[in-house]
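Written out below as structure tokens is the structure these notes cover.
The values are calculated or read from the model by the stated rules, or taken from the named source; none is laboratory data. The structure displayed is predicted, hence computed values, not measured ones. Virtual Cβ from ideal backbone geometry, glycine too; neighbours counted across all protein chains shown.
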Amino acid sequence: MLALVPNVITVVRIVLVLPTAWLLWEARYVEALILTAVAGASDAVDGWIARRFDAVSQFGAALDPVADKLLVASLYVIFALQGHLPVWLAVIVLGRDLVIFSGAVVYRLLFGHIEFAPTLISKANTAMQIAVALAALVMLSGLGVISELTAVLLDPWGFYLLATLGVASGADYVVTWGLRAWREART
């Protein structure tokens, strides 16, 4: 029974994407911040439970990043449409994931089994994606001095750092898996 708990939490996190996106679209930033924080906390909790109680499953391992990417994608698209984040930043964030996903599909079709192990730069990119999204929510939530300080850090420095990490981590995946595909093709 405990083995199912992390997967249930992940599914709940996916379900939270729609109300979070709707709240964000409706400019209800405090509520969207709360749901995003709940989603982030549940991500940490489901991972901890899975590791602590040896409840790791292939289903959960595949679904967990999907839950993360759905939330991040919805936040960045809506922020860009509302003019709170630059469109070029949303294109980098979403484009990186699209390139990685497309490459993984092609690799899988050509060579079979594929196992991703996120690199340090990829983990830094994901952390920065979440930090920028949360900072944008804090900035828009009208929390006085906290929102003002967040705005100063976010624009432009947070944007530039995320863009740099996004391009670098995307290039890292392309080079690493491109070389791996080239070696596979030669054998």
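Scanning the range 140-159 for residues that are of a type in the set (A, V, I, L, M, F, W, C), part of a helix (DSSP H, G or I) and either in contact with a strand residue (DSSP E or B) (Cβ under 6 Å, 6 or more places away or on another chain) or without any contact (Cβ under 8 Å) to a residue 12 or more places away in the chain (or both) yields 145, 146, 149, 152, 157. If the condition is being among the small types (Gly, Ala, Ser) and not in a helix (DSSP H, G or I), then the range 47-68 contributes 55, 57.
Being in a helix (DSSP H, G or I) and exposed (fewer than 14 other Cβ atoms within 10 Å of the Cβ) holds for only one residue in 89, 81, 71, and it is 81.
Contact map, the range 43-71: first residue under 15 Å from residue 4 (Cβ atoms), second residue in a loop (DSSP other than H, G, I, E, B), Cβ cut-off under 8 Å, separation 6 or more or different chains; pairs are 49/55; 50/56; 50/57. Please work out which one of (1) in a loop (DSSP other than H, G, I, E, B); (2) at pLDDT 90 or above; (3) of a type in the set (A, V, I, L, M) is the condition residue 109 fails and give its number. Only one criterion in (1) in a loop (DSSP other than H, G, I, E, B); (2) at pLDDT 90 or above; (3) of a type in the set (A, V, I, L, M) is unmet by residue 109, namely (1). For the range 13-46, filtering for residues that are of a type outside the set (Val, Ile, Thr), out of contact with any helix residue (DSSP H, G or I) (no Cβ under 7 Å at 6 or more places or on another chain) and farther than 13 Å from residue 78 by Cβ leaves 3. The set of residues from the range 112-124 being within 30 Å of residue 84 (Cβ to Cβ) and either in contact with a Cys (Cβ under 6 Å, 6 or more places away or on another chain) or assigned to a loop (DSSP other than H, G, I, E, B) (or both) comprises 118, 119. Among the candidates 21, 44, the residue that is within 22 Å of residue 137 (Cα to Cα) and buried (at least 16 other Cβ atoms within 10 Å of the Cβ) is uniquely 21. Looking across 96, 108, one residue alone is of a type in the set (Lys, Arg) and touching a residue at least 40 places away in the same chain (Cβ under 8 Å). It is 96.
All of 104, 151, 127, 131 fail the test of being out of contact with any Cys (no Cβ under 8 Å at 6 or more places or on another chain) and either under 30 Å from residue 186 (Cα atoms) or buried (at least 18 other Cβ atoms within 10 Å of the Cβ) (or both), apart from 104.
Of all residue pairs spaced 6 or more apart or on separate chains, those with beta-carbon atoms under 8 Å, a first member in the range 160-186 that is assigned by TED's automatic domain parsing to the domain that holds residue 128 and a second member that is surrounded by fewer than 13 Cβ atoms within 10 Å (Cβ to Cβ) and at pLDDT 95 or above are 163/88.
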